[in-house]
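All remarks here apply to the structure that follows.
The values are calculated or read from the model by the stated rules, or taken from the named source; none is laboratory data. Bear in mind that the values here come from a model prediction, so they are computed numbers and not experimental data. Positions of Cβ are generated from backbone atoms using ideal geometry, with glycine treated the same way; all protein chains shown enter the neighbour counts.
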Amino acid sequence: MSKTVIFSAGAKGGVGKSTMAILMIEALRETGVSVSGIEGDEHSPSLHRKYDGTIEIADIDLAALFREEGVELFNGAVNGLPNGYVVVNTPASGCRMFDEIPGILRSAAWETRAIWCLAIKPDRSRDGVNEDGLFESLDRGMLSGLPRGGVTVVRPLFQEAFRGQKFWYDAYLEMANQIGLRQMTVKKLPSNIFDAVSRDRRSISELIADFSGIDPLTGANLAMIWHGIKTSLAETILFGEAIRLDDQIQQPSSPHIYGKGGIAETIGEAR
């Protein structure tokens, strides 16, 4: 089997790149396919915290690479991992990385795709237009090495607002559509679930089962959120490739929760 390399990227830190990388890995692991990772952010090694000893993770400081050395090290990291899916967690400067990466991605023998995580607020302003690095990267950065249909823009990524401000990028979504970018919306996760998904070494299915045993409502809510995320991942980043959605977990059988008119149905209608 050949390699499919999926980058989780954005223009700045704190926009959810690591969490999206983890969700992508979790969804792929549930299908039983081979998945490995590249930890490209030495300042926040999230993949190691989550997966050391579970899946193979290669280390490479993507922010520090340049020219021929960067090309050699990056290709070596990808080619040294097993065939299947390789999920790359990029650093805060993931939109730029090293200058040669667009050429690497255009000529790579492996298929490449990217998840672009939007910022809540722009990190720069140019010519009076707020940008988060997305269009800059499409023009001359990392994303310029990918086909437009291989880029998925993710919003609102776990936060619906920041200090009362909605996502500034909303006005540009139609532009993103017009140039062929895919779009994916991620439902806001409760803080306790967000922390567990990002840091707990258990799989999400195990977390759902454990939460359900303690608090059936929280477990049911997480199960539905996870189902929605997996569906969106399959339709956008994985281009419709199958992700198994029938979670093999033990769930409470109380009709008050799962029966007709129960809590689970009510939550589903409210989404």
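Looking only at residues of segment 136-151 that are in a loop (DSSP other than H, G, I, E, B) and in contact with a Gly (Cβ under 9 Å, 6 or more places away or on another chain), we find that the one that is farthest from Arg106 (Cα to Cα) is Gly141. Of everything in segment 64-109, what is assigned to a loop (DSSP other than H, G, I, E, B) and modelled with pLDDT of 90 or more? Give them in sequence order. Correct list: Gly80, Leu81, Pro82, Asn83, Thr90.
If you go through segment 98-111 one residue at a time, do you hit one that is among the polar types (S, T, N, Q), over 20 Å from Val35 (Cα atoms) and in contact with a helix residue (DSSP H, G or I) (Cβ under 9 Å, 6 or more places away or on another chain)? Within segment 98-111, one or more residues are among the polar types (S, T, N, Q), over 20 Å from Val35 (Cα atoms) and in contact with a helix residue (DSSP H, G or I) (Cβ under 9 Å, 6 or more places away or on another chain).
Among the residues of segment 214-236, some residue qualifies, meaning at least one is without any contact (Cβ under 8 Å) to a residue 12 or more places away in the chain, surrounded by fewer than 15 Cβ atoms within 10 Å (Cβ to Cβ) and part of a helix (DSSP H, G or I). Exactly one residue among Asn89, Asn83 is of a type in the set (S, T, N, Q) and buried (at least 16 other Cβ atoms within 10 Å of the Cβ), and that residue is Asn89. Within segment 11-28, is even one residue on the phi < 0 side of the Ramachandran plot and over 16 Å from the mean Cα position of the chain (by Cα)? No; the residues of segment 11-28 include none that is on the phi < 0 side of the Ramachandran plot and over 16 Å from the mean Cα position of the chain (by Cα).
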